[in-house]
């Protein structure tokens, strides 16, 4: 199967804040190289501060590396400008976050419509309603996020992530803010949608049990890929 | 299209969440205040113009010593203008054995075209036919005359008595209480008589060689009047001249200009405050939309899409606010007009649409300068924020944003203040003041932190909090200070200023000018005043001279294009000489001569010129002017330029010379004094004892200037109301700005075990410090604003009342504590989880 994500010597350094204001360079990701095939599911595992979220941000083009490159669907992400990367994300990627990241001003349906509308779709409402139906939230379509439970909010986020039929789904600790039972339901739903749409899944977590649901695990320690 | 719908959707939701309220309120207030002032000033100008015109009795007069060609009247009528003619001449009025030289004016039905002559008993005694455009005829009936009170006194007459004028007997039907024709020049020194024009023939006074002044009075549509003025200007012969309200006394013009500046600056203060409220609200908006933008970027929105999303919202908000603001402005000015009696009765035409357009343009400029550019930052929010909440606001464009805000402010200042110097002075003062306040607030908060260790725990926590967010809190103090400044300006400073302005015309403001006092009459005059008894008058020397050369270059009327300048050069000036500068004059350039500078030829020949006439005639400091005084010439150097307070109603001179220069020239004296109503007979006695004197009644002009000040006083309160509301909007926005952070902190403190009592004390301590500081800055700002208005606009000395400091300090403290408590009282009772979830 062809690689859909390629990480080549990906490194990220930041200046650590210091008392004298000078700042010391701190490497938070060290030459990470790996590939993810289309349809594959990959769990990025690691303790807090190991660089998981940094790696996810770089793979999705949310941040720029200090060195190295990422090929997304064979396109060099960092040869594009900020807007080019946004466009590519809109076309290829879906996102699920620990803190749901729904827009508080929009109701559930409007939140799901958002990526479609940004992409210029004309049937956004119908597709979004359908997607909400898939996650079992048709009844709550017109509720604002603050009136939904954590599990419901994450289901809206899943509907939003899958509504554009993305090739890659980036998930950052999707169960981190949920209790165990709800978290399990969410994971089940996510993997089911993933299988149904043949989406490539890149999941960041510190939860070994959750990682086992994915076909492959990549372990990070202090910014280095160790497995 | 989808983006537009999404944008409107977000706007609708945000609106429900209250995100846009402050922005909209601030913009409505800004446009509303500018529109009110613009529209209202337009109408006030019209009202004052009408009043000034009423002093002339018309919009335009054509005056001649010979009968006017009938073509003039026909030309005016052809333009749809109303016209009347009047004739004025001097004649004896006879009552029994007594006679008095009086100024007789014959008037036609319809006179006056503007304003009215107020008489006692009031007119008309019986219904009269309608004349002209529905105006009631208001002239004496056949065989009757109206006369001035002076004539009644001098001839010991009463209303109803008969007098003789020429060959005809007339019944005195009324006493003239308020007359017209006093605004142009001070020509009418003889007591006045108003007579029906149809009676002139019967008097037999209109004969070949009679000295009659003919006046054609014209009124109507402004454009047509202007066109007629232009048309006639080309046709006028040498002894005919045009007069209009532009020839009105400088006292009235000056008062009018001051009123307009005052209005303009009041509106601008409101607009600036509204701008600050907008900036604060926009800042809060940015902070609350960082996550939204990051998510949009994450979902693939490009920078341009994010920008458009907010641009649509802003445009819509702008349009709504501008419409509401203009509507508010229109309603307020209409209310003002209905509220002020003199304006209600004036039947003013509707204001033009131009001031509303100007206000709308200013509103959009404010929106752009203060709110939109800060929002541009949203476009640059990193999508990484979805993973890292700690990423703040992108900083890149703040410099540009402030720069544009400054430019917008500068532009508005220049536009509204109408004067480059005044606009720049206000703007510079404002910026310097804000920076100074900011620096002081920041330093004070840092300083307080150092001494906080010895205080109670909540105080220590409060001071630490204030110092930790030093910049943001200093900003908040400045914003609160601005809001408070508006409140104090409205309440305390306004009163002081208006009182000061009214104080410029104290009750004993001179209402009589006496001209032509001969040198040998000086002592008898002083004796007369001592007997009256009246305060001794200050007799000022007056020498008639004509300006013939500037820097040895001969000049005459042809040297100037402007009619007023031409007139000034063609006629004789009144020069004076003095050792000391008159107290109501102010030196603007050069130096006044000292006694030592009088030594030597060069020092003895110095002139001081009024700055207005210097500009008009192109005279500069250091120029040498040559005057012709009674056939002999002298040349002297201009060593100072003076500003003259024309509305002081004191005797003023365009040109004052060193005494050595003019002492030996033919001189007469001039004075002004206040003649109280109960001593009117002393004024008549003065004219009788010194028949050569010209005693001129300037009471009408004083009353007119007082009327303008009165009108401004009545209206400025309502204009300041906008300033007040904008001030409150700033206060509100400033408190909201820090609200979110306070909420977060409260939740964390509650989680860590702080009880509601502690939280309340902590918040109130913070608010007390913020309030006290901002209150003191408010007082400082208000005093400064008052001083600027007093010094540059009203030109009066200004002494702020001491009470402003305690009122500002404690008032600010209480107000901010109250508002802060209202805003945060919920926090101390809610559970931390509920707060954090919001």
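The values are calculated or read from the model by the stated rules, or taken from the named source; none is laboratory data. Quick caveat, the model's predicted, so the values are computed rather than measured. Please note: Cβ atoms are built from the backbone with ideal geometry, for glycine as well, and neighbour counts cover all protein chains shown.
Within the set B:715, B:658, the sole residue that is crowded, with 18+ Cβ neighbours inside 10 Å and over 30 Å from residue B:268 (Cβ atoms) turns out to be B:658. Summed over region A:35-75, residues that are farther than 19 Å from residue A:174 by Cα and surrounded by fewer than 17 Cβ atoms within 10 Å (Cβ to Cβ) total 9. Tell me yes or no: at least one residue of region B:479-502 is in the same structural domain as residue B:743 (by TED's automatic domain parsing), out of contact with any strand residue (DSSP E or B) (no Cβ under 8 Å at 6 or more places or on another chain) and under 17 Å from residue B:650 (Cα atoms). There is at least one residue in region B:479-502 that is in the same structural domain as residue B:743 (by TED's automatic domain parsing), out of contact with any strand residue (DSSP E or B) (no Cβ under 8 Å at 6 or more places or on another chain) and under 17 Å from residue B:650 (Cα atoms).
Per-residue answers, yes or no, for (1) over 26 Å from residue B:587 (Cα atoms); (2) over 35 Å from the mean Cα position of the chain (by Cα); (3) not in a helix (DSSP H, G or I):
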| position | (1), (2), (3) |
| --- | --- |
| B:607 | no, no, yes |
| B:619 | no, no, yes |
| B:634 | no, yes, yes |
| B:664 | yes, yes, yes |
| B:678 | yes, no, no |
| B:684 | yes, yes, no |
| B:688 | yes, yes, no |
| B:709 | no, no, no |
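Taking region A:128-211 as the region of interest, the helices (runs of 4 or more DSSP H) fully inside it that hold 2 or more residues being more than 15 Å from the chain's Cα centre (by Cα) and under 19 Å from residue A:91 (Cα atoms) are A:180-197.
Of the set (1) in a helix (DSSP H, G or I); (2) surrounded by fewer than 17 Cβ atoms within 10 Å (Cβ to Cβ), all apply to residue A:31 but (1). Kindly indicate whether any position in region B:39-58 is surrounded by 20 or more Cβ atoms within 10 Å (Cβ to Cβ), within 14 Å of chain A (Cβ to nearest Cβ) and modelled with pLDDT of 75 or more. The answer is no, given that none of the residues of region B:39-58 is surrounded by 20 or more Cβ atoms within 10 Å (Cβ to Cβ), within 14 Å of chain A (Cβ to nearest Cβ) and modelled with pLDDT of 75 or more.
Total residues in region A:68-100 satisfying the condition of being over 27 Å from residue A:176 (Cβ atoms) and facing chain B (nearest Cβ under 9 Å): the figure is 5. Scanning region A:105-130 for residues that are surrounded by 17 or more Cβ atoms within 10 Å (Cβ to Cβ), farther than 21 Å from residue B:303 by Cα and at the interface with another protein chain (Cβ under 10 Å from one of its Cβ atoms) returns A:107, A:124.
Looking only at residues of region B:621-632 that are touching a helix residue (DSSP H, G or I) at 6+ places or on another chain (Cβ under 9 Å) and part of a loop (DSSP other than H, G, I, E, B), we find that the one that is surrounded by the most Cβ atoms within 10 Å (Cβ to Cβ) is B:623. Among the residues of this structure, residue B:573 does not count as one that is in contact (Cβ under 8 Å) with a residue 40 or more places away in the chain and outside the structural domain of residue B:612 (by TED's automatic domain parsing). Would you check if residue B:73 is surrounded by fewer than 23 Cβ atoms within 10 Å (Cβ to Cβ) and modelled with pLDDT of 80 or more? Taking the combined requirement at face value, the residue satisfies it.
The rows are residues; the columns are (1) away from chain A (no Cβ under 11 Å); (2) surrounded by 24 or more Cβ atoms within 10 Å (Cβ to Cβ).
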residue	(1), (2)
B:254	yes, no
B:257	yes, no
B:274	yes, yes
B:279	yes, yes
B:285	yes, no
B:288	no, no
B:291	no, no
B:304	no, no
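Filtered by the rule that a residue be over 15 Å from residue B:316 (Cα atoms) and out of contact with any helix residue (DSSP H, G or I) (no Cβ under 6 Å at 6 or more places or on another chain), region B:13-42 gives B:16, B:17, B:18. Scanning region B:1-38 for residues being more than 10 Å from chain A (Cβ to nearest Cβ) and not in a helix (DSSP H, G or I) gives a total of 2.
Per the listing A:46, A:57, A:39, the residue uniquely in contact with a helix residue (DSSP H, G or I) (Cβ under 8 Å, 6 or more places away or on another chain) and either within 9 Å of chain B (Cβ to nearest Cβ) or closer than 22 Å to residue A:131 by Cα (or both) is A:57.
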